[in-house]
Structure formats: structure tokens, C-alpha cells
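These notes are about the structure you will find just below.
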Amino acid sequence: MGKVTGFLEIDRREQKYQPASDRIRHFREFTLPLPESEVVEQASRCMDCGVPFCHGPTGCPVHNQIPDWNDLVYRGEWEEAIRNLHSTNNFPEFTGRICPAPCEEACTLNLEDMPVTIKTVEQAIADRGWKKGFIKPEIAAQKTGKTVAIIGSGPAGMAAAQQLARAGHEVHVYEREPKAGGLLRYGIPDFKMEKHLIDRRVAQMEAEGVIFHYGVNVGVSTPLQELLDGHDAVLMAGGSEAPRDPALPGQELAGVHYAMPYLVQQNRRNGGEAEQENPILATSKHVVVVGGGDTASDCVGTAFRQGALSVHQLDIRPIAPVKEDKLAVWPYWPTKFRTSSSQAEGAEREFACATLGIEGRNGRVTGVKCARVDAKRQPVPGTEFVLRADLVFLAIGFAHPLFEGLVEQSGVALDKRRNVLADDLGYATSVPKLYAAGDMRRGQSLVVWAIREGRQAAHAIDRDLMGETVLPR
Ligand code: FAD
């Protein structure tokens, strides 16, 4: 259980960031990893609680065995630690960087606001595993003769593909984009996670037998029926891409964009892909971001790196309390005031703020009209104000998967939120041989949930094809 008295003797220490003034000059990751001796100390703080909420359903969607690997790190057994971590999570170097870490909220030491730095330890185990050569392709000893097609190479598709290839199936991943990773590559900026980490996993998966087909838009460039005819099972893992439309007056003005085209452009630029026509750049501009979530925050950080003059972020929610009522919410994810690293780079944040419309001149945006809202989120008359804007990003979330193409062609039943209908035991859709997982099934969520869904869908597909399975759920 780590060091018996570790949590009494050692304070929580997190990895630090480069100062904002330095990190906004580049798009690379900016965390400063803890030295190994400090990671070991931090892992030794784990108390191995009788009920470790960190790896239960409230703490970790993939059920990482956190107390076990904290103990292994404390004992210096790093190779066994990465083996343990991989038994529940295919890509811990991704989640170690970008997971919001509900496990730390669920840690018993969080009752004293000093949770174990679980995410930092996870990243350290994964990074060390790669550096020391502990992570190798795991090639199936026997082939099953079955073939599975996976549509989409986001974290859900990648996790499913890796599991199914290791179970001995011939796995083909069909991806619309020129490279694998889904939102990990094209949505999430490099400064949160560099993309060579995805390339390294793709190389591992190729060595395990996964065949990637890029530039294939299933339902558009290739009919879904072709995949259904050519494979024993097909998994749809195409994500949830339709943005929520705020339907603001003036939204059609030049300079107003949804968040994704903006983030995708910068990620393609960083990745050396061809420059887009009509580049969207915040350089020397006043920027307003509408929305208070991860995507909005990523627009903020990207705008600062492009040299924006100012960035305002508008959130309709009231400002949350700095500290949660621990005994009322622990071990669940609390609503509390949080500042992302991008917001800390200098964003002006407006809370309880409704966006009434976009103002412009000669067809171009000049400002955003706002008002304060009451407890029912209704604008309060007389509180209107206008923020200057040369560029506006709409980042209020995603509604459901795109229908045009794949979903439309598949004819699958949808749930009431218009995601693809399938339960989280069988992952089967209403169409025979066709499964669904990740954001396409559960709606826009988190990378760790996508990995869980990919693993569980692989379990279900393997069981359906073979009559039994040894793949974990
Ligand atoms: P996706 O990652 O969306 O991948 C779907 C893939 O399918 C894509 O590659 C797409 O090109 C492909 N595809 C779609 N249709 C077709 C088709 N017809 N044919 C072929 N290919 C197709 N989560 C976190 O945990 N931490 C974060 O910090 C975080 N930040 C985020 C920032 C942004 C800007 C966004 C948008 C999301 C963020 N998320 C974050 C959420 C997370 O990225 C998603 O929940 C996760 O990527 C979903 O995985 P997925 O595999 O289901 O889908």
C-alpha cells in the first residue's frame, strides 16, 4: 500500500507548468515532469483505502487499479506497474496527459484537498514504460480467421482495434482523415498532447496486425454495405461531430466560426499537413469565445499562441464556488471554480453571461452583445453590454453524430438524444453485424470513456464472433 505513513509525511506535489509568458510562444506540451524520486514519493502517499473510490465507477471509467500501481511505483517495480496499467487502459500516456482525473476527486485524501497525484503517476508510468522499452507489440499467437472493420480511429476505434487484433482477428480501421487519432489529433491542441504519441501507438498497432485505411469516408466515398459484406463485424466509432447551434442573430457575419474548424486548422498546421484555404487566425485580433467547456478553453489557448490581442470567454453559468461542500459531493465530480491552463494564460472570463447576438459592419463581426442572466439563465433587462470582437468562436458543445453519410446510410435506430442506439453491454445497433461505441453512442464525452467503450465493444464483438471471449470488459 505505498508507504504506510506516506500520506502523513509527504505533501501533495503536482508537476509544474512553464510560465504562461513562455508557453504561449509555442504549441508544444509545457508540463515539467516531476523527477523520478518525487513521483515515487507521491505514489507512496496512496493509502490503499478499504474502498478505493478512485478506481470504482465514480473515479475511473476504465477501472485503473490505482492503489496497485501506486504501490508498484513506490517499490520501484515500474515494468510491473505498466503491465498492470495496460490491463485496464490501452493508452495511459493519453489519459495521463488529458484526462480531467475524476480519480483524484474521488481519492480519500481529497477529503483534505490533498489527493494523490494519480494522473501524474499514470503519465510517469506510461512515459517510463516507453523509454525503457517495456511497451512492445503484443502479437496474437493464433489467428481466428475472422475480420472486423472499424470506422473511425479516435480513442474508441483505436482501443477496440487493438483489443480485437490481440484476440487474433484481422482488423481494418477505416478513417476519413489522413492520419489516425480522431479528436485526439485534430481537436485537442498539441500543447495538451503532442501527436507523436499517437503515431507511436499506431506503429505498435500496425505491428500487431491492424491495417489502417486513411482517406476513406464510409457512407460517402465507400458504401457501408461494402464493409458489412466484406467483414464479420463492423464497429462504428465515428464520434459526435454535429456542433450545437446557438442560432444567434449575426452568426453569419465573417469572422464568426464554430470552434472545430479553427482547432482542426491549427492542428493540421502543427502536423505539417497542407495549409487550408481561408485560414482562421487570431493574430492581432480581439477574440471572443462563446462557451465554458474544454473546447472553448482550447480555442483560448490556441488564440493566445497565435498572438491574439485579447481573449474573452463567455459562460452562461454563474461563477462556481471556489471550494465544494466536500461531504455533500465527494467522491463524485464536484462543481467548483476551475481555471484551465489556457484560461490562466490571460483570458477575461465572464460568468452568468448570455450571448444575445453578434454585431458587425460591412459584413464583418465587430462585437458580441451580451447581458447578465438571472438564476433561470434569462437575460436581465438593462444589463446589456458589447464586447469588441474581430473573431468569435462558438464552442457550446456537440449535439449528436453527423447524420449525412454513414449514419443515414446505415439506417440504425437512434436514441432520444439522437446518438446511435446500442446498450453498453452488447454495443450492438439495430442493424445485424453493426456495432457502435464511443461518442457516437454515448454523446460527446471524454477520452477515457471512449477507451472504455472501445474495449467493451471489442469484448462484445469477440464474444459474438467466437462464442466466448477472454478480452476484459
Ligand atoms: P472521435 O475522437 O471523434 O473520433 C472519431 C473518428 O471517426 C474521427 O477520426 C473521424 O474522422 C472518424 N470518422 C467519422 N465518421 C467517419 C466516416 N464516415 N468514415 C471514416 N471515418 C469517420 N476529452 C478528454 O478526456 N480530455 C480533454 O482534454 C478533451 N478535450 C477536448 C477538446 C476538444 C476540442 C474536443 C472537441 C473534445 C475534447 N475531449 C476531451 C473529448 C474527447 O476528445 C472525445 O470524447 C473523444 O475523442 C471521443 O472519441 P471517439 O473515438 O468516440 O471519437
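The values are calculated or read from the model by the stated rules, or taken from the named source; none is laboratory data. Bear in mind the structure is a predicted one, so any value in this text is a computation, not a measurement. Backbone-built Cβ (ideal geometry, glycine too); neighbour counts: all protein chains shown. Note: areas computed on protein heavy atoms with side chains; ligands, DNA, RNA excluded. Shrake-Rupley method; radii C 1.70, N 1.55, O 1.52, S 1.80 Å.
Taking the range 68-109 as the region of interest, how many residues are open to solvent by less than 10 Å² (accessible area, probe 1.4 Å), farther than 23 Å from residue 200 by Cβ and not small (Gly, Ala, Ser)?
Residues that pass the stated criteria total 1.
Test of understanding: among 13, 45, which residue is surrounded by 12 or more Cβ atoms within 10 Å (Cβ to Cβ) and within 25 Å of the chain's Cα centre (by Cα)?
Details: 45 fails: within 25 Å of the chain's Cα centre (by Cα).
Just one listed residue meets the conditions, 13.
Only residues that are more than 22 Å from residue 226 (Cβ to Cβ) and more than 14 Å from the ligand (Cβ to nearest atom): list them for the range 416-445, please.
Once the filter is applied, which keeps residues that are more than 22 Å from residue 226 (Cβ to Cβ) and more than 14 Å from the ligand (Cβ to nearest atom), the range 416-445 yields 416, 417, 418, 421, 423, 425, 426.
All but one of (1) under 30 Å from residue 467 (Cβ atoms); (2) within 9 Å of the ligand (Cβ to nearest atom); (3) open to solvent by less than 10 Å² (accessible area, probe 1.4 Å) hold for residue 234, so report the exception by its number.
(2)
Yes or no, residue by residue, for (1) outside any strand (DSSP E or B); (2) modelled with pLDDT of 95 or more; (3) open to solvent by less than 20 Å² (accessible area, probe 1.4 Å):
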position: 212; (1), (2), (3): no, yes, no
position: 227; (1), (2), (3): yes, yes, yes
position: 238; (1), (2), (3): yes, yes, no
position: 247; (1), (2), (3): yes, yes, no
position: 276; (1), (2), (3): yes, no, no
position: 288; (1), (2), (3): no, yes, yes
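So which residues in the range 113-136 are out of contact with any helix residue (DSSP H, G or I) (no Cβ under 9 Å at 6 or more places or on another chain) and on the phi > 0 side of the Ramachandran plot, if there are any at all?
133
Residue by residue, here is whether (1) within 26 Å of residue 23 (Cβ to Cβ); (2) over 24 Å from the mean Cα position of the chain (by Cα) holds:
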position	(1), (2)
307	yes, yes
311	yes, no
316	no, no
324	no, yes
334	no, no
338	yes, no
341	yes, no
345	yes, no
349	yes, no
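Consider residue 382 carefully, then state whether it is at positive phi, within 13 Å of the ligand (Cβ to nearest atom), outside any strand (DSSP E or B) and out of contact with any Cys (no Cβ under 6 Å at 6 or more places or on another chain).
no
Select the helices (runs of 4 or more DSSP H) contained entirely in the range 142-210, then report the ones holding at least 3 residues which are under 14 Å from the mean Cα position of the chain (by Cα) and within 13 Å of the ligand (Cβ to nearest atom).
Passing ranges, in order: 155-166, 183-186.
Restricting attention to the range 249-274, report how many residues are touching a Ser or Thr at 6+ places or on another chain (Cβ under 6 Å) and within 14 Å of residue 392 (Cβ to Cβ).
1
If residue 318 passes every condition in (1) farther than 27 Å from residue 187 by Cβ; (2) within 16 Å of the ligand (Cβ to nearest atom) but one, which one does it miss?
Result: residue 318 fails condition (2) only.
Of 458, 389, 437, which residue is out of contact with any helix residue (DSSP H, G or I) (no Cβ under 6 Å at 6 or more places or on another chain) and open to solvent by less than 40 Å² (accessible area, probe 1.4 Å)?
None of the others qualify; the one that does is 389.
Condition first: of a type outside the set (Lys, Arg) and either in contact with a helix residue (DSSP H, G or I) (Cβ under 9 Å, 6 or more places away or on another chain) or surrounded by fewer than 17 Cβ atoms within 10 Å (Cβ to Cβ) (or both). Now tell me which residues in the range 364-378 satisfy that.
374, 375, 378
Need the failing condition index for residue 137 against (1) within 16 Å of the ligand (Cβ to nearest atom); (2) open to solvent by 20 Å² or more (accessible area, probe 1.4 Å); (3) under 25 Å from residue 97 (Cα atoms), just the number.
Among (1) within 16 Å of the ligand (Cβ to nearest atom); (2) open to solvent by 20 Å² or more (accessible area, probe 1.4 Å); (3) under 25 Å from residue 97 (Cα atoms), residue 137 violates only (1).
When you go through 71, 113, 127 one by one, which is the residue that is more than 16 Å from the ligand (Cβ to nearest atom) and within 21 Å of the chain's Cα centre (by Cα)? Even if it seems obvious, please write down each step before you answer.
Working: 71 fails: within 21 Å of the chain's Cα centre (by Cα); 113 fails: within 21 Å of the chain's Cα centre (by Cα).
Criteria check complete, one pass: 127.
Looking only at the range 342-356, how many residues end up being touching a helix residue (DSSP H, G or I) at 6+ places or on another chain (Cβ under 7 Å), open to solvent by less than 30 Å² (accessible area, probe 1.4 Å) and not charged (D, E, K, R)?
The total comes to 3.
Taking the residues in the range 387-420 that are farther than 30 Å from residue 284 by Cβ and among the small types (Gly, Ala, Ser) as candidates, determine which candidate is farthest from the chain's Cα centre (by Cα).
This residue is 411.
Return the residue satisfying two criteria in turn: it lies in the range 393-415 and is within 11 Å of the ligand (Cβ to nearest atom) and in a strand (DSSP E or B), and of such residues it is surrounded by the most Cβ atoms within 10 Å (Cβ to Cβ).
393
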